[in-house]
Amino acid sequence: MPATSLDQIVALAKRRGFIFPSSEIYGGLQGVYDYGPLGVELKNNIIADWWRTNVYERDDMEGLDAAILMNRLVWKYSGHEETFNDPLVDCRNCKMRWRADHIQGVCPNCGSRDLTEPRPFNMMFRTQIGPVADSGSFAYLRPETAQGIFVNFANVLTTSARKLPFGIAQVGKAFRNEINPRNFLFRVREFEQMEIEYFVMPGTDEEWHQRWLEARLAWWEQIGIPRSRITIYDVPTAELAHYSKRTFDLMYEYPNIGVQEIEGIANRTDYDLGSHSKDQAQLNLTARVNHNEDSIARLTYFDQASGRHVVPYVIEPSAGVGRCMLAVMCEGYAEELTKAIPGEKLAAVGEALNAFLKSVGRSEKLSGEARDAILARGEELTQALAERLPEVEQLLAMPGADQIELGKKLRGQAQPLIDEHYRTVLRLKPRLAPIKVAVFPLKRNHEEIVATAKAVRRQLQAGGRMRTIYDDTGAIGKLYRRQDEIGTPFCITVDFDTIGQGKDPALAGTVTVRDRDTMAQERVPIAELEAYLRDRVNA
Ligand code: ATP
């Protein structure tokens, strides 16, 4: 079962160093996060997989890395200065600000309906270029990477000698002054996008739109989000962005947040190239573009078959790296029972849970709302305690639960059982796992075992192909759990057999390889390890 609560992922991400709030020692910065040692590996692996699939494994793609700062005119003609707005409302009661389309007329903070009329709020961040702050010196931080591709269309076309159809891929930072950043990595103010602008002959755009939809669904499956977990939202005309003829949003069901967009696949027509072109009147544009007297280029393609210059249509698959990472972590997360709990021990936790819930029911310290929420969650757990015991932690983390004295007793009863009978495992596709292989010595103070384990690590890490680490900071069982939790697909143990001092001399020169998902163990000769792991860590 995937994660049942976003809190599980937030806690894991913090505990194991995937994600930290930005500037935490100064109280943080809302809607901005830092990627820690494991987070940067996972993020880089997602980006590398996307790049490999979309650039290297196709014959019709080029890459690009355009700057974040661009001439302000880009945002004038792209339409962002005028239309990149969200509707902002203020709550007159508690003074909080919200996005009108997210709250259905009621302030989520205080429940008041006394809200101002929505007014447009432009989401682009401004910054100043050069030493003089005047109206001519500001620029925007790009709110999407796409425009860097459009303004380089002619550069890429001439230097690569591409024929239509072809595409340009780019991964990079984008910035949006979101009114309410929230839900961890889902809605932030600084994020990374993986975008493709795919240029096609007008008239073939609808067919290419469908082809990209299929290609993108296949990629999500490849990185661990099954087709059955994605819903395609065919965006209704009234909701389309100003540049779009048709858009498919790929939606994933996140715990707590619900079904939400992870990628948009838009048919942007000839809007963007047309808007950034000079001589627009001669271009037979179909989109309603902004009249442009500043551009010095015609962004056209010479079609030899017809002998005409055409403005290509564009299909844009655009995905956020953070939303992707959150989805793969939610999808891969499991807290599972590894060995049955003796009946009397489970019964004792059941009693502690009941006593806690009774105390919650009687407590005068809690608000009615907090009490009802805890009781409802507690009732769910009572029904299936053996499978869901680890969720006791979430129950005790609910608002108000810390006021109940018996919570401590419940935690005291449940925690040792959780530690002994469950494991947290992140079933990431091996290709995305931050660490591919962890090598452990059975005894950390045995010189030959330690030296062999370190040599195995160095051998596997050589050439930089598989991120391999050495760890001797605990007993083997504990080390397995630490790796399960961060998604490491293989653990290797070097023991007395490996160094020829065990019971079975035939095992000399072999190690134990343990599989994260099945927990099965296999003896593999050290000499064959690399071949054994090479394909498996890229699965
Ligand atoms: P939303 O409606 O959720 O605000 P959007 O439709 O504005 O998203 P697009 O402009 O289509 O998003 O951006 C493409 C992708 O960039 C999105 O599918 C998402 O993965 C990512 N993205 C957009 N805004 C954010 C954000 N504030 N935080 C994280 N990722 C984002």
* Cysteines without a disulfide-compatible partner [the chain; Cβ-Cβ under 4.7 Å] -> C324, C330, C491
* Would you work out the relative contact order for the chain, in percent, from Cα pairs under 8 angstrom that are 6 or more residues apart? => 12 percent
* Structure fact -> As straight-line cross-link partners of K443, the qualifying aspartates and glutamates (C-alpha separation under 20 Å, not fewer than 8 residues apart within one chain) are D471, D472, D495, D497, D504, E522
* Structure fact -> Note: probe point = Cα of L73 + 7 Å toward Cβ; backbone nitrogen < 19 Å; residues of the range 293-320 passing the test are 293-300
* **Relative contact order [Cα under 8 Å, 6+ residues apart], the range 330-434, whole percent** => 48 percent
* When the accessible area of the range 393-539 is computed with all protein chains present and a 1.4 Å probe, what percentage of it is carbon and sulfur? -> 49 percent
* Cα-Cα over 26 Å, subset of K76/K173; K14/K95; K43/K436; K365/K408 -> K14/K95
* Structure fact -> Row for the range 442-539, column shape: gyration tensor on C-alpha, a ≥ b ≥ c, rounded if a/c < 1.5 i.e. under 1.5, prolate if a/b over b/c, else oblate; value rounded
* Structure fact -> Taking Lys and Arg as +1 and Asp and Glu as -1, residues besides E293 with C-beta under 12 Å from its C-beta add up to 0
* Go ahead and run the numbers for FRET between A451 and E528, Cβ-Cβ distance against an R0 of 30 Å, rounding to 0.05. => 0.90
* Helix-derived [θ] at 222 nm for the chain: sum -39500 (n - 2.57) over DSSP H runs of at least 4, divide by residue count, nearest 500? -> -10000 deg cm²/dmol
* Asked: Which whole-Hz couplings ³J(HN,Hα) result when phi for each residue of the range 137-151 is put into the Karplus expression 6.51 cos²θ - 1.76 cosθ + 1.60, θ = phi - 60°, listed in order with x for Gly and Pro?
  -> 9, 9, 9, 9, 7, 4, x, 7, 7, 3, 5, x, 6, 4, 6
* Amide H neighbours of R187 under 5 Å, counting only residues 5+ apart in sequence or on other chains, H built in-plane at 1.01 Å? -> R182
* In order through the range 159-167: 3J(HN,Hα) via Karplus (6.51 cos²θ - 1.76 cosθ + 1.60), integer Hz, x for Gly, Pro -> 7, 9, 6, 6, 10, 5, x, 8, x
* Structure fact -> Share (percent) of C-alpha pair distances in the chain greater than 32 Å works out to 56 percent
* **Distant-in-sequence amide H partners of F125 (H built 1.01 Å from N, under 5 Å)** => L141, N177
* To do: Extending each Cα 7 Å along its Cβ direction at D60 and S5, get the distance between those two points in nm, one decimal.
  => 4.7 nm
* Structure fact -> Counting only protein heavy atoms and rolling a 1.4 Å probe, one gets per residue an accessible area for the chain in Å² of 47 Å²
* Asked: S363 accessible area, nearest 10 Å², 1.4 Å probe?
  -> 20 Å²
* To do: Please turn the phi angles of the range 100-107 into ³J(HN,Hα) values with the Karplus equation 6.51 cos²θ - 1.76 cosθ + 1.60 (θ = phi - 60°), one per residue in order, whole Hz, x for glycine and proline.
  => 3, 7, 9, 10, 6, x, 10, 5
* E144's amide H: which non-local residues (gap 5+, or another chain) put their own amide H closer than 5 Å, with H modeled 1.01 Å from N in plane and none for Pro or chain starts? -> F175
* Sequence-separation-based contact order of the range 107-222, relative, with Cα cut under 8 Å and 6+ spacing, percent -> 22 percent
* **Translational diffusion coefficient (Stokes-Einstein; Kirkwood radius from C-alpha pairs) of the range 29-166 at 37 °C, 0.692 mPa s, in µm²/s** => 172 µm²/s
* **Three-way shape label, the range 30-77, alpha-carbon gyration tensor, a/c 1.5** => oblate
* So if we plug the beta-carbon distance of S363 and N109 into 1/(1 + (r/R0)^6) with R0 = 35 Å, what FRET efficiency do we get, rounded to 0.05? -> 0.90
* Stokes-Einstein diffusion coefficient of the range 1-82, Kirkwood radius over Cα pairs, 10 °C, 1.306 mPa s, in µm²/s -> 97 µm²/s
* Structure fact -> FRET efficiency (D303, E207; Cβ distance; R0 22 Å; to 0.05) is 0.80
* Asked: What is the distance in Å between the Cα centres of the range 124-147 and the range 353-426?
  -> 50 Å
* Structure fact -> Expressed to one decimal in nm², the mean projection of the alpha carbon convex hull of the range 445-497 is 4.0 nm²
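The values are calculated or read from the model by the stated rules, or taken from the named source; none is laboratory data. Quick caveat: nothing in here was measured; it's all calculated off a predicted structure. A quick note on method: Cβ atoms are made from the backbone with ideal geometry, for glycine too, and the neighbour counts reach across all protein chains shown. Side chains included, ligands, DNA and RNA excluded: accessible areas come from the protein's heavy atoms. Shrake-Rupley method; radii C 1.70, N 1.55, O 1.52, S 1.80 Å.
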